[in-house]
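The values are calculated or read from the model by the stated rules, or taken from the named source; none is laboratory data. Not measured: the values here are computed from a predicted model. Note that each Cβ is placed from the backbone with ideal geometry, even for glycine, and that neighbours are counted across all protein chains shown. Heads up: the accessible areas ignore ligands, DNA and RNA and are worked out on the full protein's heavy atoms, side chains in. Shrake-Rupley method; radii C 1.70, N 1.55, O 1.52, S 1.80 Å.
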Amino acid sequence: MLEGLDQINWGRLTHAYGSAEDVPTFIRALRSPDASDRKDARHGHYYTIFHQGWRYRASAPAVPFLFEVLEAPDTQDKVELIDVLTHLAVGYPEHHLPFGYDYSEDEGELRPQEDFDRIRAADPDDNDWEPDTQPLWRIDAHQAVLRGVGTFQRLTQDSDQQLREAAVKALAWFPEAAAESVLLVRQIAYRSPEAEELANAIICLGILDRYTKDLSHVPSFRGWLHPTHPYIVRVAAAISLAVILEGALSAEALSVLLAASQEKEREGDAELRIAWHWPLLTEQVSDVLECIHLKPTEPVLSALCHAAETVESSAMLSVFFALLAVVFGPRYQNTSKVDPTRLTAAQLRALRAITRNPTWKAKPFSGDITLAFGMPYRLEKFQEFLEATEQQ
């Protein structure tokens with residue numbers, strides 16, 4: 001196994017810390033019988049060929065060997081290995097929620113009229129880590145993983161539930177294979193698995209349907225909204241309906257999402273296990289609510305203001321963004337500064353809800369949250385902004 005690994009001139013390839021000569025060692029260690037060695041090997045990949053989300057000259061060449069390890073019957077920790085491959089393909093997957101991976105974004109960053117084959121063939125130099133080369137290494141890594149997507153598709157039929165779920169989740173990031181993948185994911189969803197696997201499949205199916213512009217599963221998603229289904233299944237169905245329908249979302253689906261944004265009806269750690277946004281489903285729901293351009297109706301404002309006042313988990317910032325997008329419009333849309341003396345009633349209500357949050361009251365902050373909506377970035381200036389709103 002891995003006979004071809006030494007045929008690659010890894011010394012000529014580079015990763016985050018220079019020469020990629022250590023990559024074969026990390027790949028072979030993934031086959032170790034020692035769990036600690038395997039964990040160290042995965043961490044080795046994360047700080048070399050996928051360092052802080054960057055891909056490198058050595059990233060794509062490593063991918064076929066990672067698939068070889070994944071496909072071996074006796075390989076352990078396959079779920080974690082799928083995660084490594086997913087990160088190499090698309091970066092941090094949560095960055096592509098809720099609508100899925102858009103390959104054209106990387107293509108759009110490539111420098112026009114550049115000779116990419118020449119760059120790939122050239123000896124490494126200091127430019128290997130420059131931002132200008134990042135789109136090329138990202139595209140190469142994505143294409144390398146795409147060539148092995150059939151492995152993910154086969155693993156959706158594995159006897160291990162966690163491995164099936166990891167494979168289904170991976171399929172959501174490959175629009176090029178969506179037509180084939182949707183058939184497999186649909187089989188899983190329609191055979192009525194347990195709640196966690198069903199919710200996982202529903203989220204993937206929504207993203208795949210968006211790629212293929214397929215509305216045929218919408219009636220099933222609506223059926224899964226029914227209160228007789230487990231909470232996580234209902235939330236997953238509402239997420240997928242929002243991904244496919246956006247502004248045409250039904251009141252029932254919107255109600256489920258608004259309740260989830262307030263962290264209601266938790267079922268132990270089930271929410272954590274099916275969340276695609278690290279680490280909480282509430283964060284994923286908030287991102288969905290931000291992206292579907294809701295109007296500031298009373299039900300929407302009431303739910304999101306309550307969430308903004310009370311949520312103290314890592315999802316808090318996503319809740320703030322969702323609420324502010326409802327009352328101010330999409331992030332970074334405002335080209336001029338917001339006048340604190342001319343805010344609407346809805347905008348005032350949203351800001352006051354945020355500043356009543358216990359975390360905000362204990363340690364005020366603003367930063368990118370306010371800058372994204374045309375309000376002051378620096379905390380002291382934002383505090384002055386808030387004081388000016390009290391005049392209304």
Return the residue satisfying two criteria in turn: it lies in the stretch 278-303 and is in a loop (DSSP other than H, G, I, E, B) and at pLDDT 90 or above, and of such residues it is farthest from Ala325 (Cα to Cα).
Thr297
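For every residue, the table says whether it meets (1) assigned to a helix (DSSP H, G or I); (2) open to solvent by 10 Å² or more (accessible area, probe 1.4 Å); (3) touching a residue at least 60 places away in the same chain (Cβ under 8 Å); (4) at positive phi.
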residue: Pro227; (1), (2), (3), (4): no, yes, no, no
residue: Arg234; (1), (2), (3), (4): yes, yes, no, no
residue: Ser240; (1), (2), (3), (4): yes, no, no, no
residue: Ser255; (1), (2), (3), (4): yes, yes, no, no
residue: Cys305; (1), (2), (3), (4): yes, no, no, no
residue: Leu324; (1), (2), (3), (4): yes, no, no, no
Go through Leu70, Leu85, Leu81 for me and flag whichever is modelled with pLDDT of 95 or more, open to solvent by less than 10 Å² (accessible area, probe 1.4 Å), farther than 26 Å from Ala236 by Cα and not polar (S, T, N, Q).
Leu70
Take the residues in the stretch 87-103 that are more than 8 Å from the chain's Cα centre (by Cα) and aliphatic (A, V, I, L, M), then tell me which one is farthest from Ala144 (Cα to Cα).
Val90
Pro33: open to solvent by 20 Å² or more (accessible area, probe 1.4 Å) and either in contact (Cβ under 8 Å) with a residue 60 or more places away in the chain or within 19 Å of Gly91 (Cα to Cα) (or both), yes or no?
no
For the stretch 96-118, which positions are out of contact with any His (no Cβ under 6 Å at 6 or more places or on another chain) and modelled with pLDDT of 95 or more?
His96, Pro98, Phe99, Gly100, Tyr101
The residue from Ile207, Ile244 that alone is open to solvent by less than 20 Å² (accessible area, probe 1.4 Å), in a helix (DSSP H, G or I) and either closer than 25 Å to Gln161 by Cα or of a type outside the set (Ser, Thr, Tyr) (or both) is Ile207
